[in-house]
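Participant: Take this structure first; my questions come after.
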Amino acid sequence: MRRFYVLLLPAILIVTPLLAQERAHVDGLGSTYFPNSGSAHAQNDFIRGVLLLHSFEYGPSAEAFRAAQEKDPNFALAYWGEAMTYNHPLWSQKDEKAARAVLDRIPPVTEDRRKIAPTVREKEYLRAVRTLYAPGSSKEEQDRAYMEAMKRLHETYPEDDEARLFYSLSILGSRDGERDFATYMRAAATAAPVFERYPDHPGAAHYLIHSFDDPVHAPLGLPAADAYSEIAPNAAHAQHMTSHIFVALGLWDRVVTANLRAQRVQDSARAANGQGPNVCGHYSSWLHYGRLMKAELQEAETLMDACHARAASGESTEAERIGSRAEWFYFVSMRARHIVDTEDWSLLDRWTAEPPRLTDEEANKAPGIFGGPSFTYRVTNALAALNQDDPSLAEAVVAEDWGNHQGRETQLNQLRGLLQLRNGNQEIGVALLREAAASEEDLPFEFGPPAIVTPSFELLGKALLSLGHAEAAAEALRRANERTPGRVQARVGLEEASSTGTDE
């Protein structure tokens with residue numbers, strides 16, 4: 001049946017038919033219904049591009065949209081799609097120059113205006129994406145203007161599931177990666193009806209997972225996580241993305257399985273392009289964390305050795321070292337997790353590849369790793385040294401100027417508190433650790449392996465336990481488990497605190 005959408009304007013009734021393409025499926029990537037005015041022989045590439053875009057496979061998605069453009073140079077939405085691949089809303093990344101260059105390639109309107117975006121709906125998609133890259137506007141202004149444009153498009157065409165889903169993603173993107181429960185629940189409510197109607201749509205499952213990937217809401221995201229890996233087995237990000245929910249629920253077996261699959265898909269694609277495996281990246285770091293939580297230490301060490309070899313090789317470019325997804329950040333976070341979580345301080349000298357010190361501006365480009373790689377590296381060394389009765393490194397880190405980035409003061413107060421405890425100043429030391437815990441609690445919920453080297457409530461609980469304050473320790477460790485569920489260290493500490501009895 002041909003569908004019609006009605007747009008009411010002052011004194012004008014415009015009836016815009018959606019062209020009658022059927023719901024399309026691409027093996028390994030999922031299904032969608034995205035009617036458009038492109039020629040028939042460009043449809044397969046276009047649909048493939050859309051499905052890859054929903055799974056954040058931006059490079060392959062751009063290639064598919066360019067293939068659609070070659071087959072139909074007047075296919076306006078093919079240019080829209082490629083421009084969309086240069087915005088990574090949940091990674092705080094946007095390449096405005098590349099996107100505008102794509103939009104500038106759209107053929108000019110001729111006398112036959114139907115050749116370029118012949119429907120009002122398609123013109124609205126183009127208008128919306130242009131707001132996303134509007135010259136002279138800040139990223140925040142662009143993101144909010146784009147969200148409002150997608151809201152209007154969705155409200156004008158309520159049966160257009162693609163408009164609904166890209167509106168949901170724009171809501172998430174309006175926070176520039178900073179979690180806000182009210183905003184994220186609004187995004188979830190927008191995407192949920194599509195998942196209910198079409199549980200094989202990759203965007204519906206994907207955006208629900210992002211909306212729910214914190215310890216409070218993760219149970220709501222489990223159906224989407226269960227579905228997503230089966231929807232898009234050929235998208236590495238889809239395989240990994242399910243583990244956002246599994247980490248938030250402490251389901252370590254599933255974390256490992258999800259990231260093994262993601263690694264295999266990614267490395268297969270890299271091999272096809274003549275590249276080696278990605279041993280120091282996003283999927284390997286989450287896999288490593290899952291291995292640690294399962295106490296699969298030999299497998300975790302193998303992953304850590306490979307990442308260390310890559311970091312120590314010096315092959316990373318300066319751009320890679322400061323990029324938000326760069327190998328240095330994964331190396332220092334994996335190293336921190338391994339050494340501190342296992343409390344195997346002998347490993348400190350095994351993985352020595354100190355990253356470059358970043359400027360404040362560069363460090364801000366690394367969301368998820370508080371303070372940049374050099375800070376994380378030094379904090380890890382300081383914690384290890386303190387546990388070996390050597391305060392010098394902790395004193396040095398506390399004395400340095402590390403700027404004022406999110407999470408830094410929390411970890412500096414951790415070190416200050418531990419130094420006070422070492423010097424016998426229990427009251428001051430515990431107060432500083434409580435201050436660190438309170439400041440971490442004020443931070444937005446993080447997803448994935450903890451960015452702070454030692455979660456503050458966990459550190460506080462272990463310190464209180466060592467001082468004989470079992471009840472207070474148990475309370476701190478319970479709160480640690482609320483922020484980072486299922487961590488072995490908090491669970492073991494809580495069991496010890498519970499068996500110790502009341503405070504002295």
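Participant: Counting only residues that are buried (at least 18 other Cβ atoms within 10 Å of the Cβ) and of a type in the set (A, V, I, L, M), which one in region 193-221 is farthest from the chain's Cα centre (by Cα)?
Facilitator: Going through the qualifying residues, I end up with V194.
The rows are residues; the columns are (1) under 20 Å from F212 (Cα atoms); (2) among the polar types (S, T, N, Q); (3) in contact with a Ser or Thr (Cβ under 7 Å, 6 or more places away or on another chain); (4) outside any loop (DSSP other than H, G, I, E, B).
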| residue | (1), (2), (3), (4) |
| --- | --- |
| F447 | yes, no, no, no |
| P450 | yes, no, yes, no |
| L460 | no, no, no, yes |
| L464 | no, no, no, yes |
| A472 | no, no, no, yes |
| A480 | yes, no, no, yes |
| P485 | yes, no, no, no |
| R491 | no, no, no, yes |
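Participant: Please enumerate the residues belonging to region 48-76 that are crowded, with 23+ Cβ neighbours inside 10 Å and touching a Lys or Arg at 6+ places or on another chain (Cβ under 6 Å).
Facilitator: A64
Participant: So which pairs qualify, if the first residue must be in region 79-90 and under 9 Å from V102 (Cβ atoms), the second must be buried (at least 24 other Cβ atoms within 10 Å of the Cβ) and modelled with pLDDT under 95, the Cβ gap must be under 9 Å, and the two must be at least 6 apart or on different chains?
Facilitator: That search, which allows pairs on different chains as well, returns W80/A117.
Participant: Which pairs turn up if I take residues in region 280-309 that are over 22 Å from L249 (Cβ atoms) and look for partners that are of a type in the set (V, I, T) with beta carbon separation below 7 Å, at least 6 apart in sequence or on another chain?
Facilitator: Here the result reads L297/T342; A306/V279; C307/V279, each pair linking region 280-309 to a residue that is of a type in the set (V, I, T).
Participant: Scan region 208-217 residue by residue and report those that are touching a His at 6+ places or on another chain (Cβ under 8 Å) and either at pLDDT 95 or above or part of a helix (DSSP H, G or I) (or both). Talk me through it step by step, then tell me what you get.
Facilitator: Of the residues in region 208-217, the ones touching a His at 6+ places or on another chain (Cβ under 8 Å) are 209-211, 213.
Hits for region 208-217 are I209, H210, S211.
Participant: Would you check if A24 is at pLDDT 95 or above and under 26 Å from E159 (Cβ atoms)? Outline the logic, then answer.
Facilitator: Details: at pLDDT 95 or above: no; under 26 Å from E159 (Cβ atoms): yes.
Criteria not met by A24.
Participant: Where residues in region 345-363 are of a type in the set (G, A, S) and at pLDDT 85 or above, which of them is surrounded by the most Cβ atoms within 10 Å (Cβ to Cβ)?
Facilitator: Narrowing region 345-363 to residues of a type in the set (G, A, S): 346, 353, 363.
From what's left, at pLDDT 85 or above: 346, 353.
On the way: S346: 10, A353: 17.
Selected residue: A353.
Participant: Sticking with this structure for a sec: Hey, can you tell me all the residues within region 261-283 that are surrounded by fewer than 18 Cβ atoms within 10 Å (Cβ to Cβ) and assigned to a helix (DSSP H, G or I)?
Facilitator: R264, S268, A269, R270, A271, A272
The values are calculated or read from the model by the stated rules, or taken from the named source; none is laboratory data. Just so you know, these numbers come straight off a predicted model, no measurement behind them. Neighbour counts are summed over all protein chains in view; Cβ atoms, including those assigned to glycine, are modelled from backbone coordinates with ideal geometry.
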